[in-house]
1. Hey, can you tell me all the residues within the stretch 21-70 that are within 13 Å of the ligand (Cβ to nearest atom), outside any helix (DSSP H, G or I) and farther than 19 Å from residue 103 by Cβ?
2. Keeping to the stretch 147-182, report how many residues are buried (at least 17 other Cβ atoms within 10 Å of the Cβ) and either aliphatic (A, V, I, L, M) or within 30 Å of residue 229 (Cβ to Cβ) (or both).
3. Among the strands (runs of 3 or more DSSP E) contained in the stretch 113-177, which hold 2 or more residues that are touching a Lys or Arg at 6+ places or on another chain (Cβ under 9 Å)?
4. Take the residues in the stretch 379-397 that are assigned to a helix (DSSP H, G or I) and out of contact with any Ser or Thr (no Cβ under 9 Å at 6 or more places or on another chain); name whichever of them is surrounded by the fewest Cβ atoms within 10 Å (Cβ to Cβ).
5. For the stretch 276-286, check the following and say yes or no: at least one residue is more than 25 Å from residue 184 (Cβ to Cβ), assigned to a loop (DSSP other than H, G, I, E, B) and away from the ligand (no atom under 16 Å from the Cβ).
6. Consider residue 342 carefully, then state whether it is within 21 Å of residue 132 (Cα to Cα), in contact with a helix residue (DSSP H, G or I) (Cβ under 9 Å, 6 or more places away or on another chain) and of a type outside the set (A, V, I, L, M).
7. Please go through the stretch 240-258 and give me each residue that is part of a loop (DSSP other than H, G, I, E, B) and crowded, with 17+ Cβ neighbours inside 10 Å, ordered by number.
8. Could you list all residues from the stretch 111-135 that are free of Cβ contacts under 8 Å to residues at least 60 places away in the same chain and away from the ligand (no atom under 14 Å from the Cβ)?
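The values are calculated or read from the model by the stated rules, or taken from the named source; none is laboratory data. Every value quoted in this text rests on a predicted model; they were computed, and no experiment measured them. Here the Cβ positions follow ideal geometry from the backbone for every residue, glycine too, while neighbour counts run over all protein chains shown.
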Amino acid sequence: MKNITVIGAGLVGSLLSIYLAKRGHKVQIFERRPDMRKEKIIAGRSINLALSDRGWKGLEGVGIADEIRKIAIPMHGRMIHDIEGKTNFQPYGKEGQAIYSVSRGDLNKRLMDLAEQQNGTQIFFNQRCVDVDLEKATATFADENGNTTKNTSDMIFGTDGAYSELRHRMMFTDRFDYSQDYLKEGYKELNIPPAENGGWRMEKNALHIWPRGKFMLIALPNFDGSFTCTLFFPFEGEYSFSSLDTKEKMLSFFNKTFPDAVELMPTLEHDYFHNPTSSLAIMRCFPWSYKDKAMLLGDAAHAIVPFYGQGMNCGFEDCTVLQQIMEQESDWETIFKKAESSRKPNSDAIAELALQNFIEMRDLVSDEKFVLRKKIEAKLSAEFPYKWLPLYSMVTFSDIPYSTAWNEGKRQDTVMQKVMEIPEIEKIWNTEEGFKQIAKTALG
Ligand SMILES: Cc1cc2nc3c(=O)[nH]c(=O)nc-3n(C[C@H](O)[C@H](O)[C@H](O)COP(=O)(O)OP(=O)(O)OC[C@H]3O[C@@H](n4cnc5c(N)ncnc54)[C@H](O)[C@@H]3O)c2cc1C
């Protein structure tokens, strides 16, 4: 049994603590924010999140998947909104498969409740980690008045998010690699309220996308009938957060670009000018551990962009993998080393895939050839499920390592380029002869 300090009671820190406490360890969690179960605080980042198979597996491991399912809304596909407001539904996977919209706050609160029920785990709020002595596994925390306390334990987990203090301390150790890359685009949350009868104003079982080439608007359903919309938009340039700086310019742009969404957004002007504009960054580092004293997990180890909806899912998978290694090994340095070497290639892969998916979401989903390719892949997968699993399904509906999915995705790309060059592919793909030719080209 070890005394373990966890920095950050976010999604990953709370889930990790449950796994650790269930193994009999004494866990203390220190969280910078006040207790969100008592005080209404803005989560800081996206209000709702898409949960998919890897995330569910992490929750199943601690027995709360069924409970979360009750507050999750299935989204079976993308609903694409064109510039005239016409919609087109593109399923994500096979019938019955879906990603799920969940409230970040509700999920986090439930995970905190459960963490506190395990083996005497305590969460200390308003405790910002300001320093870590790695050799001694001592972390220093400051409260809201600046009073500091030191906490020494057997080891420290840093699940303190993209701007991790533990990672910051690890940067001063020898041969620690670190990089951060900001996107030229940022994001802003907007709102579509519930209908008067409390229902949803658009199809609720879909992730709505308004793809517009260099930027896009998306919307995920909430349980109360509202949708949280996110505008992903350049910071600078002709159409950008900096250029849309008056009510007139903003409304004229929105009316032209997202006409059907504007009709559903009575608070657009207020939301646009009052909600924060946030940045998007990819953060990579290695190693994730220091001797048997400290380990980074979740966004602290690998912050990615949100376009594959996998950041939290990847962090939850970190916990599942750590749990599997803890079952096999007892030496903590070995556990840390095995976990980081297993997870690093996979977090690098999903970082790349997420970046690629931005292009797919904001641009390609409205391209006819791309949509046809997706239909052909879905048919290949339906007819030959053991030979063809589309990249999106590997990432979202399986626990195939992200790095394997990435490599397989690159191979599929090459093959599908040949398929799409088959003469008159648009006409023949759904005929018996045509599909035979496709299968021969794709599967050999
Ligand atoms: C716009 C947007 C949309 C997203 N959509 C999705 C999605 O659909 N699906 C998905 O899987 N992922 C999504 N993500 C990614 C997801 O939000 C993150 O991957 C996930 O929150 C990571 O969890 P975490 O616990 O590692 O970090 P965080 O959620 O950032 O939690 C870190 C915790 O540590 C605390 N903390 C920070 N610093 C300190 C300190 N010094 N001392 C003490 N406590 C500290 C914070 O207050 C916080 O509670 C999205 C991200 C964004 C920005």
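1. 28, 29, 30, 32
2. Qualifying residue count, the stretch 147-182: 9.
3. 128-133, 138-142, 155-158
4. 382
5. No; the residues of the stretch 276-286 include none that is more than 25 Å from residue 184 (Cβ to Cβ), assigned to a loop (DSSP other than H, G, I, E, B) and away from the ligand (no atom under 16 Å from the Cβ).
6. Criteria not met by residue 342.
7. If the condition is that a residue be part of a loop (DSSP other than H, G, I, E, B) and crowded, with 17+ Cβ neighbours inside 10 Å, then 240, 241, 244, 258 are the ones that fit.
8. If the condition is that a residue be free of Cβ contacts under 8 Å to residues at least 60 places away in the same chain and away from the ligand (no atom under 14 Å from the Cβ), then 116, 117, 133 are the ones that fit.
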